[in-house]
Structures are given as C-alpha cells and as structure tokens.
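Data block below; observations after.
The values are calculated or read from the model by the stated rules, or taken from the named source; none is laboratory data. Source: prediction; values computed, not measured. Here the Cβ positions follow ideal geometry from the backbone for every residue, glycine too, while neighbour counts run over all protein chains shown.
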C-alpha cells in the first residue's frame with residue numbers, strides 16, 4: 001500500500017507538469033524569484049503578442065492585454081509542433097489577464113482567435129540551448145476528433161437501444177405482477193444505463209427523468225413527480241404493489257424513447273463533444289464515488305457497487321474512444337489503466353454468490369481500499385479533461 | 001418544581017446555583033447584575049490583543065451589517081418552554097447574557113453558594129473581543145405554543161428545498177437562530193457555553209456549525225474554500241438608502257407587522273463543497289463557472305476585483321458565460337436590482353466525512369428585507385448552474401433577525417411579545 005501510495009504521488013507530480021507554469025524539475029514549487037512578472041503582451045484584431053522581445057528560460061508571467069473590440073482566446077504555442085503551453089479563454093476587450101508559463105528552450109509563438117477574423121499567429125521567439133520547460137499539449141486533430149466523437153455516438157446509441165429493450169422487459173414483468181423477475185430486470189436495465197457513462201448532466205433534463213434521486217423534491221420519496229430507475233427501485237424494494245409501479249415503469253420506457261430521439265441533437269460541435277467526452281473520463285467516477293461507493297444512492301436494492309462496476313466499464317469505454325489521442329499526450333496512461341484494474345478488482349469482490357453486497361455492509365478496510373483506489377483513479381483521470389478543454393465558441 | 005411555588009420550569013432555577021435564590025425572577029436579576037458589574041478591562045496590558053466592544057444597544061442588532069469576523073458559531077435552538085411567559089423570560093435572559101458578553105467585565109462572584117458563574121475560558125475578566133450576538137426567530141416560533149401566530153413576520157416561512165438541495169431535516173430550521181461572531185475562537189466558544197448554560201431547560205440545540213472568515217489573501221475580499229473571493233458584490237452597508245431598500249424590514253408594507261422595525265430576514269444555508277472534486281477541475285473551467293478570476297477576483301471581463309461586469313456588452317456570454325454563478329446571481333439589471341442580498345457568510349471545516357472526504361464548505365448567510373423577493377429569487381435563478389455539481393446545500397433555515405436592543409430595559413423580541421395588533 002505504501003509503495004503504491006508513493007507511486008501515486010509521483011504520478012501526481014508528473015500530471016501537474018502538464019499544466020502551464022510547472023517546470024519538470026520543481027513540480028509547481030518554483031521559487032518566486034524565478035518569476036519574470038509583468039511582461040505586457042498586447043493582442044488585437046491584427047496583432048498577437050509581438051512584444052515578447054527578450055525571451056529567456058524561466059517562469060514567465062505575461063500580462064496579456066486585449067486592445068481589440070471582441071473577446072479573444074490567446075495561447076502560447078510551440079511554433080514547431082503547435083503544442084499549447086498556456087491559454088486564456090475569452091479574454092474580454094480592454095482587459096488584461098496573467099498567463100504564467102514555464103519556458104524552456106524552444107520556439108514559441110502566441111496564437112489569437114477571436115472567432116470571427118480567423119486565427120492569428122504572432123512572431124516566433126526562440127530560446128536556444130537545452131533548458132527544461134513546461135510541457136505543451138498538442139490540440140487534437142480534426143480526424144482523430146471525429147473518430148472519437150463518432151465512436152462515442154455509436155456507443156451511446158447502442159447502449160440506449162439495449163437499455164430501452166431491457167426497460168421494456170421490466171415493464172412486462174411488472175404488468176405480469178412478477179416482482180421477483182422485475183427486481184432482476186430492473187438491475188439489468190439500470191446497469192445498462194449506468195454503462196452509458198452519463199454523469200453530471202450528460203443527457204440534460206433526461207438524466208433527472210430517467211435516473212434522478214428523490215433529493216431536492218418537496219415530497220422526498222413520496223413525491224408524485226419522482227420518476228425513473230431509482231423511483232422504481234424504491235418501490236420494488238419497499239413492498240409497493242405492481243399496480244403502483246406500472247405507471248413509473250411505463251414512463252421510464254417513454255423517457256428513454258424520447259432521449260433516443262433527442263440524443264443526436266444534444267451532441268455539440270466536434271471539439272465540444274470531444275471536450276465533454278474527455279471531461280467524463282473522470283466525472284463518471286467522481287459521480288460514482290460520491291453517490292455509489294458511498295451507498296448514498298441505494299434506494300433499497302443494495303446494488304450501488306454493481307452500479308460503480310458499470311461506471312468503471314463506462315470509463316474504460318470512454319478511454320478507449322480517446323486512446324489514440326492519449327497515447328501520444330499522456331505519459332501516465334498506463335497508470336490510469338493499472339489503477340482502474342485495481343479499483344475494478346476491489347469493487348468486483350463485492351459481488352457475492354447471492355448478489356451484490358450493499359456498500360454499507362463493507363468493512364472499514366474494504367471500504368477504505370475501494371475509496372482509496374477510486375481517488376487515485378480520478379486524480380489520474382482529471383488531467384485528461386484539461387488536455388482537451390474546448391474553447392467556449394467553435 | 002412545584003415546591004418553589006413557581007409556574008416556571010426548571011431552567012429558571014437551574015442556573016441559580018444550588019440553594020441560593022429560590023425565585024424564578026432571581027436568575028434574571030442575576031443576569032442583570034452581571035451586566036452592571038461589567039467594566040472594560042482597560043488596565044489589562046494584553047487588552048490590545050482583543051478587539052474592542054461593539055456597542056450592544058441600537059436600532060438594529062450589531063452583528064448584521066459589519067463584515068464577517070474571524071470566528072463564528074451558528075446555532076439553532078428549539079424551544080422547550082411551555083408558554084409565553086417562559087418565552088419572555090428566556091429572551092430576557094438571553095438579552096442579559098448577550099449584553100454582558102459583548103460588553104465584557106468581571107463575572108459576579110458566588111462565594112460558597114455554588115459553582116463559579118463563568119467558565120473561565122476567557123480568564124477572570126471577560127473581554128468583549130468584538131463579540132456580536134445576532135438572534136433570529138424561525139417560522140416555527142409562531143405556531144400555537146406562544147400565541148404569536150398573528151404577529152409572524154409577513155415573509156417568514158420554513159425553508160423549502162430547492163431542486164439542487166439535499167436537505168437533512170435534523171440540520172434545518174429551528175425556533176431560534178443565534179450567530180456569535182468575534183475575533184477569536186475562544187471568545188465565541190465562551191459565549192456559546194455561557195448562553196447555553198443560562199438557557200438550559202428552555203432551549204435545546206437543534207443544530208450547530210462553526211465558521212471562520214479567512215484573512216484577505218493577499219488583499220481585498222476574503223476567499224471561500226473553493227479558492228475564490230466571495231462576497232465582493234454586496235450592497236454598500238454605509239449607505240442608509242441601500243440598507244433601507246435591501247436589508248431592513250419594512251413595517252406596514254405588504255402586511256409586515258409594526259414590531260419588525262429594525263429587524264432583517266436572515267437566510268442560512270449550510271453548503272458542503274466537494275473540494276477534492278473541485279481541485280480536479282481546470283482553472284479555466286473553475287473561472288468560467290464562477291465568472292471571476294481566481295487570482296484577484298476580477299470579473300472575467302474586467303481587471304480589478306471591484307470592477308462591475310458589463311453583461312450588456314457580452315450578450316452571448318463569450319467572456320462571462322451566461323450560466324456563470326455571478327451572472328445568474330446578480331444579472332445587474334434594473335428588474336433584478338431589488339433582489340440583491342447582503343451576504344455575511346462564513347467558511348466551515350468539519351473534518352472528514354464517513355468515507356474520508358473533506359467536509360468543508362460555506363455557511364451561506366444573508367440578510368434582506370424580504371426573502372421571497374430576494375434570496376429565493378436569486379437561488380431560483382441559480383437552479384442547475386454548473387457549480388451545483390461541486391456543492392450540496394444540506395441544512396440551514398429561514399429566520400427573522402429581531403430588532404435591536406434599545407437600552408438597558410429592552411430585551412430581544414420585546415416589541416414582538418408586546419405587539420397589539
């Protein structure tokens with residue numbers, strides 16, 4: 001455990017160094033004296049950072065000023081590879097914001113994009129020698145972006161079709177008043193839904209309709225507006241009769257059907273869709289930690305560990321869609337997979353012969369092992385979101 | 001109890017010390033005596049280490065307008081008193097204790113008649129240390145118990161959950177709210193210990209949370225535990241026009257009873273922040289969720305902390321997103337100007353939760369003239385904001401902070417209890 005923990009810490013340091021302002025040697029603890037502060041960089045409709053006159057290695061804080069009349073995204077790039085060292089999104093007209101970057105040997109250029117005049121690249125600045133600097137992140141190419149986004153769409157559409165079919169089976173069991181079968185069908189359908197990787201509002205309002213909890217409802221678990229998987233789970237495991245559950249089960253099928261129709265229209269432009277996809281690689285497990293591994297979202301079935309396992313499947317699927325982009329950008333990708341494997345082993349151990357162990361029945365040691373592994377996973381996954389963060393406007 | 005021939009419950013004797021004064025009114029006398037013994041510890045060479053006393057008497061409670069102090073305790077009580085007379089006694093006792101604690105002085109000696117009258121936590125002479133005591137009443141106080149239903153503040157309700165809330169009933173509501181604020185932790189703890197000691201038998205703590213305000217880092221408005229300056233765009237409390245418009249109750253308007261003059265509606269929301277998750281979010285995303293720069297607090301379209309965002313110049317939200325927290329909370333438009341609130345929140349840190357995650361966040365506290373027109377409208381605009389994934393409101397309540405204590409003969413709620421509608 002100790003060695004694993006130390007390894008995790010070291011990985012964390014490597015992760016940090018993908019961010020601007022972090023030199024490889026000092027991992028964020030750069031002495032203040034090394035900061036070259038207040039170098040004014042002016043950008044406008046026809047100028048992009050021409051004032052960086054005396055480049056030298058070290059930690060630079062540029063004061064980037066937008067002298068133009070529209071908001072602009074400004075980045076410092078590697079003029080050779082196009083890799084980005086630092087970025088300010090949406091720099092408002094007339095405003096000045098700092099960009100702190102660790103600069104090593106290389107060829108640099110500022111890039112400006114105000115969304116209407118096209119991209120503008122400033123003059124290049126070259127620093128000779130072999131001084132270490134920050135790591136640049138190369139933006140995803142169009143082809144790789146489209147491949148990732150298309151594969152996600154296919155994955156989600158197939159998963160929704162599966163969920164819809166299984167929700168239909170759940171409705172049939174309820175209509176036939178076979179609640180034992182219904183409980184089994186519920187779990188099957190719910191896990192298919194959870195394998196889609198929806199977290200924190202991927203499907204907008206449909207998430208609440210299909211998988212919302214009773215939190216925030218005036219009537220709590222008795223609230224008549226409560227719908228979706230958890231509503232049905234609550235009924236199936238709290239002795240509610242089939243007659244009371246037929247309505248919610250029918251509505252679940254309708255909501256999934258509506259989502260299948262609406263989903264293609266909910267996908268953003270490709271860079272945004274890629275950004276969302278990258279964001280979910282850690283958000284799925286963030287969500288699982290808070291609501292499933294804790295047992296918070298257990299409405300009676302005691303299957304939140306099964307849900308967490310499905311969420312791990314979803315995370316793996318998302319990583320698979322991004323794999324070709326990540327292998328060249330993220331040196332810790334192998335660690336991501338090894339920590340996911342560890343988490344999966346620990347969660348799967350909760351599947352007993354008679355069914356899943358409720359999270360609340362885990363021993364302290366079991367719970368700590370799982371939480372610790374999950375925390376290491378999200379820590380390693382979080383940088384992926386930052387690497388592919390899309391500009392707010394296409 | 002009956003052998004004392006008093007209609008009051010045991011709390012009225014319990015604080016008297018064993019066998020000293022066997023009359024219910026005695027303890028009130030004693031609380032008042034403590035106050036008359038009060039003297040500023042001016043000769044104390046260490047007095048400079050403490051903040052001076054905040055004047056206790058005035059048209060408003062002294063803890064409402066000032067900026068948050070370093071330390072605070074927020075506590076809600078349910079009352080166990082049986083009738084209006086006992087409620088009056090309780091509020092008189094609370095007033096006496098608050099007057100003494102905020103003024104400071106030497107606790108009265110009891111000699112051999114009982115245990116010492118003060119916990120001693122602040123030493124032999126109680127220092128005021130800037131203590132303010134802010135007392136509020138919840139909607140539940142106006143049920144059938146005390147015959148106060150007809151004089152309930154017009155806009156006082158029980159806090160209903162908002163869509164993104166996850167409220168724990170045990171940490172919500174209460175008959176009485178108490179906000180203790182001072183320069184140091186021992187001062188507020190001493191005050192709480194004193195007040196609960198002198199009100200035992202009459203009030204039981206329902207929930208409590210301790211808070212702190214950070215020192216400015218490096219300057220300006222203190223930061224919350226998300227790392228952002230919080231409370232920048234507050235009404236100007238030095239401008240009576242603004243406080244009359246936004247903070248103080250308006251008797252006679254929309255059914256507001258006359259006794260509410262000088263009071264203010266207090267909204268408390270206990271908000272957990274999922275800081276581990278937040279710390280895994282990129283700076284750009286953090287800033288776009290809030291709408292401000294994290295380094296200096298400036299709106300994303302400006303350069304300085306106190307610059308005013310110009311939303312009219314950015315209709316599509318290219319610089320400050322349309323769903324950024326500051327843009328939804330205060331759109332800076334004429335129709336939303338009267339929904340502004342006076343925020344007086346504190347950070348909280350309660351260690352770690354059952355699964356080892358940090359349990360910290362914000363004791364969001366605000367004062368206003370009408371919570372339905374102000375806080376509820378602001379919070380409704382915030383429904384579904386991106387920030388909701390990183391926070392969870394779990395407790396708190398709506399209260400009415402009582403009018404100020406006018407003079408030595410006045411007490412909390414006097415106007416309310418003597419109101420003749």
## Note on the structure
Scanning the range B:386-414 for residues that are farther than 25 Å from residue B:154 by Cα and in contact with a helix residue (DSSP H, G or I) (Cβ under 8 Å, 6 or more places away or on another chain) gives B:386, B:387, B:389, B:390, B:394, B:408
### Message
Please return the ranges of strands (runs of 3 or more DSSP E) entirely within the range B:330-421 where 2 or more residues are within 14 Å of chain A (Cβ to nearest Cβ) and surrounded by 20 or more Cβ atoms within 10 Å (Cβ to Cβ).
### Response
B:391-401
### Query
Any residue at all in the range A:355-363 that is closer than 22 Å to residue A:192 by Cβ, touching a residue at least 40 places away in the same chain (Cβ under 8 Å), touching a helix residue (DSSP H, G or I) at 6+ places or on another chain (Cβ under 7 Å) and part of a strand (DSSP E or B)?
yes
### Message
Given the criteria within 14 Å of another protein chain (Cβ to nearest Cβ), over 14 Å from residue B:267 (Cα atoms) and in contact with a strand residue (DSSP E or B) (Cβ under 9 Å, 6 or more places away or on another chain), does residue B:168 qualify?
### Response
yes
### Query
Taking the range A:254-273 on its own, how many of its residues are under 19 Å from residue A:224 (Cβ atoms) and touching a residue at least 40 places away in the same chain (Cβ under 8 Å)?
1
### Task
Go through the range A:180-201 and give me each residue that's within 14 Å of another protein chain (Cβ to nearest Cβ) and surrounded by 20 or more Cβ atoms within 10 Å (Cβ to Cβ).
A:198, A:199
#### Entry: Residue in the range A:308-323 that is surrounded by 21 or more Cβ atoms within 10 Å (Cβ to Cβ) and within 16 Å of residue A:361 (Cα to Cα) present
yes
### Message
Residues to consider are B:201, B:211; find the one that is assigned to a loop (DSSP other than H, G, I, E, B) and either away from chain A (no Cβ under 14 Å) or closer than 23 Å to residue B:70 by Cα (or both).
### Response
B:201
## Note on the structure
Counting only residues that are in a loop (DSSP other than H, G, I, E, B), in contact (Cβ under 8 Å) with a residue 40 or more places away in the chain and over 14 Å from residue A:118 (Cβ atoms), the range A:36-76 contains a total of 7
#### Entry: All positions within the range B:270-287 that are more than 10 Å from chain A (Cβ to nearest Cβ) and farther than 18 Å from residue A:376 by Cβ
B:270, B:271, B:272, B:273, B:286
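One line per residue, one yes/no per condition, for (1) within 20 Å of residue B:403 (Cβ to Cβ); (2) modelled with pLDDT of 95 or more; (3) within 14 Å of chain A (Cβ to nearest Cβ):
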| site | (1), (2), (3) |
| --- | --- |
| B:58 | yes, yes, no |
| B:62 | yes, yes, no |
| B:66 | yes, yes, no |
| B:70 | no, yes, no |
| B:102 | yes, yes, no |
| B:110 | no, no, no |
| B:118 | no, yes, no |
| B:126 | no, yes, no |
| B:130 | no, yes, no |
#### Entry: Candidate set from the range B:316-329 (those that are free of Cβ contacts under 8 Å to residues at least 60 places away in the same chain and more than 11 Å from chain A (Cβ to nearest Cβ)); member that is nearest to residue A:92 (Cα to Cα)
B:327
### Qualifying residues in the range A:86-105 (those that are more than 14 Å from chain B (Cβ to nearest Cβ) and touching a strand residue (DSSP E or B) at 6+ places or on another chain (Cβ under 6 Å)) - the one farthest from residue B:300 (Cα to Cα)
A:105
